[in-house]
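Read through the structure below, which is laid out as structure tokens, and then see the notes.
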Amino acid sequence: MKVTNNYNLFEFESKSEIENYLRVNQFNLLNNNCVDQKIFYGIGTDTVDSIFIGVVGGQHGIIPSLQEVETENCILISIDEKVYCVELKNYEMLWLKEFDSIVYEILKAPDFSLLILCELGVTCITYSGEKLWEHTSDVITDYRLEGNSLRLSTDEEEYYILLKNGSVI
């Protein structure tokens with residue numbers, strides 16, 4: 001079990017195990033149409049209003065990233081090349097965005113936007129999922145949010161991009 005924000009991430013042994021859990025508890029399963037179903041996660045809370053969301057993923061070794069957006073009463077969940085936005089009142093999917101490479105992490109930017117860090121670039125979106133800008137790169141090996149910029153490292157170089165527009169500085 002991994003604790004991220006106020007959510008616990010559980011890994012299930014098989015698809016049938018997570019489907020049984022979801023069926024009994026009447027919860028949702030995200031990314032169910034994943035072609036290479038190898039990893040099965042559950043995301044839950046220990047609060048009175050506990051939630052549980054099942055997530056199916058491929059065998060790429062990157063665990064789902066979670067980011068709660070309290071002002072919008074939703075949670076963002078990444079798996080494989082997708083980011084799902086799930087509303088926390090009725091646990092309905094609000095939107096889904098698909099990217100060109102594996103999503104590493106979802107970060108909140110200081111200007112109230114979200115940075116979707118992928119294997120081959122970064123996309124900045126609004127809380128409602130609208131794309132503000134996109135930056136493509138070689139395979140990202142490291143990254144760090146530093147004030148109003150994002151430091152990206154690849155095997156070939158290290159550089160910064162501005163959060164306001166994605167320009168390389």
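Calculated FRET efficiency, ILE63 and ILE169, Cβ-Cβ r, R0 41 Å, to nearest 0.05? Write out the running numbers ahead of the final one.
Working: r = 31 Å, r/R0 = 0.76.
Rounded to the nearest 0.05, the efficiency is 0.85.
In whole percent, and with a 1.4 Å probe on the protein chains, what portion of the accessible area of the stretch 116-167 is carbon and sulfur?
Values: 1110 of 2680 Å².
The value for the stretch 116-167 is 41 percent carbon and sulfur by accessible area.
How big is the stretch 81-145 in terms of Cα radius of gyration and Dmax, in angstroms?
According to the Cα coordinates of the stretch 81-145, Rg and Dmax are 12.1, 39 Å.
With r as the distance between the Cβ atoms of GLU158 and THR71 and R0 = 25 Å, compute the FRET efficiency 1/(1 + (r/R0)^6) and round to 0.05.
Values: r = 33 Å, r/R0 = 1.32.
Result of the calculation: an efficiency of 0.15.
Going by accessible area, probe 1.4 Å, with all protein chains left in place, what is the ranking of THR123, THR141, THR136, largest first? Intermediate results must be reported in sequence, preceding the final value.
Details: THR123 10, THR141 80, THR136 100 Å².
Correct descending sequence by accessible area is THR136, THR141, THR123.
Could you go through the stretch 66-74 in sequence order and give the Karplus-derived ³J(HN,Hα) for each residue, using 6.51 cos²θ - 1.76 cosθ + 1.60 with θ = phi - 60°, rounded to whole Hz, and x for Gly and Pro?
Whole-Hz 3J(HN,Hα) from phi for the stretch 66-74: 10, 8, 7, 10, 4, 5, 9, 6, 9.
Would you mind working out the accessible area per residue for the stretch 42-139, using a 1.4 Å probe, and quoting it in Å²?
Working: 4400 Å² over 98 residues.
With all protein chains present, the stretch 42-139 gives 45 Å² per residue.
Modelled label-to-label distance, LEU94 and TYR127, 7 Å Cα→beta-carbon offset: nm?
Here the modelled spin labels are 0.7 nm apart.
With every protein chain kept in the model, how would you rank GLU119, GLU92 by accessible area, 1.4 Å probe, largest at the top? Let's see the in-between values first.
On the way: GLU119 65, GLU92 105 Å².
The ordering from most to least exposed comes out as GLU92, GLU119.
Residues with amide H under 5 Å of TYR7's amide H, sequence separation 5 or more or different chain, H placed in the peptide plane at 1.01 Å from N; which?
none
Report the FRET efficiency, 1/(1 + (r/R0)^6), for GLU11 and GLU87, where r is their Cβ-Cβ distance and R0 is 30 Å, rounded to 0.05. Provide the component values of the computation, followed by the final result.
Working: r = 24 Å, r/R0 = 0.82.
Once rounded, the FRET efficiency stands at 0.75.
List the residues, sorted by chain then number, that are 5 or more residues from CYS74 or on another chain and whose placed amide H is less than 5 Å from its amide H.
So CYS74 has HN proximity to VAL69, LEU88.
The values are calculated or read from the model by the stated rules, or taken from the named source; none is laboratory data. These numbers were taken from a predicted model, which means no experiment stands behind them. Methodologically, a virtual Cβ is constructed for each residue, glycine included, from the backbone with ideal geometry; neighbour enumeration extends over all protein chains shown. Ligands, DNA and RNA are stripped out before the accessible areas are found, and what is left, the full protein with its side chains, is counted by its heavy atoms. Shrake-Rupley method; radii C 1.70, N 1.55, O 1.52, S 1.80 Å.
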